[in-house]
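Undergrad: Encoded as structure tokens, here's the structure I'll be asking about.
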Ligand code: IPD
Ligand code: CA
Ligand code: CA
């Protein structure tokens with residue numbers, strides 16, 4: 001095998017010369033982003049001949065070959081990975097070769113001619129960059145650089161990729177998109193980046209790099225495990241450590257790709273028969289969605305508490321201030337106080353409710369587009385709205401634990417802390433008003449107590465926001481709640 005490896009390395013260096021020694025013609029293969037150049041074709045042809053000569057009876061499964069079959073020995077070849085970069089003179093593309101023996105990749109070579117970097121690996125012998133051993137990093141999730149892409153040739157999948165990015169980004173260090181799957185995986189192998197996900201790649205994009213990554217101590221998996229079958233694209237994820245791999249998987253599973261493409265809104269409404277299938281197929285981590293959503297609601301609720309507490313603090317100043325205004329009776333002051341208090345409380349509740357509803361609604365649109373591969377922009381907003389209100393009308397959530405949970409989340413805006421604020425404020429207000437009307441000295445003390453207690457509540461709320469933010473690294477999870485909410489109602493009720 002060592003000898004074969006050496007020959008493969010020499011062959012790809014030879015092949016790479018074809019990329020640069022003549023002018024290049026660019027053509028479009030399928031969608032406008034899917035390019036093939038004359039260099040892709042030349043390199044492919046060269047490798048077809050040279051590689052099949054190296055092992056008798058071997059076949060070449062190449063991106064630019066018409067026939068894509070397997071044999072006992074199959075060379076999986078991407079003549080140029082990163083063609084878009086190549087056509088624009090961005091020095092970041094590679095020739096990628098993997099050798100599949102009875103369904104297992106045994107050898108991998110990825111060569112980037114512009115940088116002269118040659119990555120290689122043989123099963124059981126480690127991974128190398130320009131003949132120096134390489135190893136993945138040991139960075140924890142919070143410090144990873146995440147390589148990913150937006151499914152360039154299948155733009156309908158972009159919303160899912162974006163939400164996965166959003167979820168990972170909230171927890172990791174930063175994101176990179178270099179434009180060559182093979183090189184990105186090799187960068188992961190040598191510790192330059194630490195995490196990888198692409199929703200739709202073909203064997204030639206990752207076959208060669210996959211063994212380089214595993215030999216470098218990393219982890220890589222493709223969806224479906226179809227042994228580098230070229231008939232369908234797969235999602236591929238990779239990570240430096242098992243722990244980070246599991247974390248990435250948990251995030252990816254929150255964003256299922258299921259169901260059929262929805263073309264008509266009508267079709268969506270008539271989707272009922274597919275619900276059972278949906279229940280079985282959707283690998284949806286609802287518990288964690290609820291948890292995230294709950295955190296977010298707690299945060300929102302605390303924000304609202306803060307707004308109200310702050311507002312009440314201001315209002316409480318009205319009483320001592322109004323003492324200096326001539327002609328104001330204690331009764332007027334009390335009425336003013338109560339009036340301002342009520343307006344503020346109502347405003348606080350309405351604003352926060354509206355914010356929660358808006359985000360839940362937005363998340364529902366997202367869920368529809370992800371579950372049914374439906375173009376988000378084409379979703380009829382009034383349809384989502386009608387489903388949204390249908391769902392809200394459903395009473396009796398107690399029958400079903402999950403639905404109960406959803407309602408609890410949705411309405412937990414009125415929970416303990418707010419109740420305590422209200423009761424405390426009302427009690428202070430009542431006493432203060434009573435004392436004020438009697439003109440007692442105690443009035444001032446009570447107002448002072450009230451004022452101090454409101455300050456205390458205000459700072460307590462602030463502290464809570466701080467601690468919620470610390471435990472919940474994610475920026476905003478109303479959308480997660482919206483998804484859980486939508487899915488539960490969608491699965492459990494007939495929405496027509
Ligand atoms: C593409 C590149 C790109 C990845 C795409 C691939 P190509 O290969 O690897 O980084 O995002 O999924 O198809 O078309 O340049 O050989
Ligand atoms: Ca490719
Ligand atoms: Ca290619």
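The values are calculated or read from the model by the stated rules, or taken from the named source; none is laboratory data. This structure is a prediction, so every number in the text was calculated from the model and none was measured. All Cβ positions, glycine included, derive from the backbone under ideal geometry; neighbour counts span all protein chains shown.
Undergrad: Tell me which residues, restricted to segment 110-126, are buried (at least 24 other Cβ atoms within 10 Å of the Cβ) and either within 15 Å of ligand 3 (Cβ to nearest atom) or more than 14 Å from residue 182 (Cα to Cα) (or both).
TA: Selection gives 110, 111.
Undergrad: Sort out which residues of segment 18-36 are in a helix (DSSP H, G or I) and surrounded by 13 or more Cβ atoms within 10 Å (Cβ to Cβ), and write them in order of number. Give the steps one after another, and end with the answer.
TA: Our first condition is that a residue be in a helix (DSSP H, G or I); within segment 18-36, this holds for 18-20.
Of everything in segment 18-36, those that are in a helix (DSSP H, G or I) and surrounded by 13 or more Cβ atoms within 10 Å (Cβ to Cβ) turn out to be 18, 19.
Undergrad: Could you tell me whether any residue of segment 210-227 is under 21 Å from residue 152 (Cα atoms) and within 15 Å of ligand 3 (Cβ to nearest atom)?
TA: no
Undergrad: Further, regarding this structure: So is residue 71 away from ligand 1 (no atom under 12 Å from the Cβ) and assigned to a loop (DSSP other than H, G, I, E, B) or not?
TA: yes
Undergrad: Still on this model: Across segment 137-156, what is the total count of residues that are within 11 Å of ligand 1 (Cβ to nearest atom) and outside any loop (DSSP other than H, G, I, E, B)?
TA: Going residue by residue through segment 137-156, those that are within 11 Å of ligand 1 (Cβ to nearest atom) are 147-154.
Those still in the list that are outside any loop (DSSP other than H, G, I, E, B) too: 147-148.
Adding up the residues that qualify gives 2.
Undergrad: Anything in segment 202-218 that is over 18 Å from residue 123 (Cα atoms) and surrounded by fewer than 19 Cβ atoms within 10 Å (Cβ to Cβ)? List them, or say none.
TA: none
Undergrad: Only one of (1) modelled with pLDDT of 95 or more; (2) surrounded by fewer than 13 Cβ atoms within 10 Å (Cβ to Cβ); (3) within 38 Å of the chain's Cα centre (by Cα) is not met by residue 81, so which one is it?
TA: (2)
Undergrad: If the Cβ limit is 6 Å and pairs must be 6+ apart or interchain, which residue in segment 31-52 that is closer than 26 Å to residue 151 by Cβ pairs with which residue that is assigned to a helix (DSSP H, G or I) and more than 12 Å from ligand 3 (Cβ to nearest atom)?
TA: Close Cβ pairs satisfying both conditions: 43/15; 43/18.
Undergrad: Pull up segment 73-88, narrow it to residues that are touching a strand residue (DSSP E or B) at 6+ places or on another chain (Cβ under 7 Å) and without any contact (Cβ under 8 Å) to a residue 60 or more places away in the chain, then point me to the one that is nearest to ligand 2 (Cβ to nearest atom).
TA: Step one: filter segment 73-88 for residues touching a strand residue (DSSP E or B) at 6+ places or on another chain (Cβ under 7 Å), giving 73-84, 86-87.
The next check asks that each one be without any contact (Cβ under 8 Å) to a residue 60 or more places away in the chain; those that pass are 73, 75, 83.
Numbers: 73: 21, 75: 15, 83: 7 Å.
That would be 83.
Undergrad: Inside segment 176-250, counting only strands (runs of 3 or more DSSP E) that do not spill past its ends, which hold 3 or more residues that are farther than 20 Å from residue 61 by Cβ?
TA: So the answer is 195-201, 234-239.
Undergrad: Residues of segment 75-92 being within 20 Å of residue 11 (Cα to Cα) and near ligand 1 (Cβ under 7 Å from one of its atoms), which ones?
TA: Passing the criteria: 78, 80, 81, 82, 83.
Undergrad: Of the conditions (1) under 37 Å from the mean Cα position of the chain (by Cα); (2) surrounded by fewer than 21 Cβ atoms within 10 Å (Cβ to Cβ); (3) in a helix (DSSP H, G or I), residue 49 satisfies every one except a single condition; which number is it?
TA: For residue 49, the exception is condition (1).
Undergrad: Report yes if residue 114 is in the same structural domain as residue 16 (by TED's automatic domain parsing) and outside any strand (DSSP E or B), otherwise no.
TA: yes
Undergrad: Still on this model: With respect to residue 182, determine if the residue is touching a residue at least 24 places away in the same chain (Cβ under 8 Å) and out of contact with any helix residue (DSSP H, G or I) (no Cβ under 6 Å at 6 or more places or on another chain).
TA: It is false that residue 182 is touching a residue at least 24 places away in the same chain (Cβ under 8 Å) and out of contact with any helix residue (DSSP H, G or I) (no Cβ under 6 Å at 6 or more places or on another chain).
Undergrad: Check 80, 67 and return the single one that is out of contact with any helix residue (DSSP H, G or I) (no Cβ under 8 Å at 6 or more places or on another chain) and over 22 Å from residue 6 (Cβ atoms).
TA: Values: 80 fails: out of contact with any helix residue (DSSP H, G or I) (no Cβ under 8 Å at 6 or more places or on another chain).
Result of the check over 80, 67: 67.
Here is a yes/no grid of residues against (1) surrounded by fewer than 21 Cβ atoms within 10 Å (Cβ to Cβ); (2) within 16 Å of ligand 3 (Cβ to nearest atom); (3) within 11 Å of the chain's Cα centre (by Cα); (4) under 16 Å from residue 238 (Cβ atoms):
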| site | (1), (2), (3), (4) |
| --- | --- |
| 164 | no, no, yes, yes |
| 168 | yes, no, yes, yes |
| 179 | yes, yes, no, no |
| 192 | yes, no, no, yes |
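Undergrad: Does residue 63 qualify as being within 13 Å of ligand 2 (Cβ to nearest atom) and surrounded by fewer than 24 Cβ atoms within 10 Å (Cβ to Cβ)?
TA: Here the answer is yes, as residue 63 does meet what is asked.
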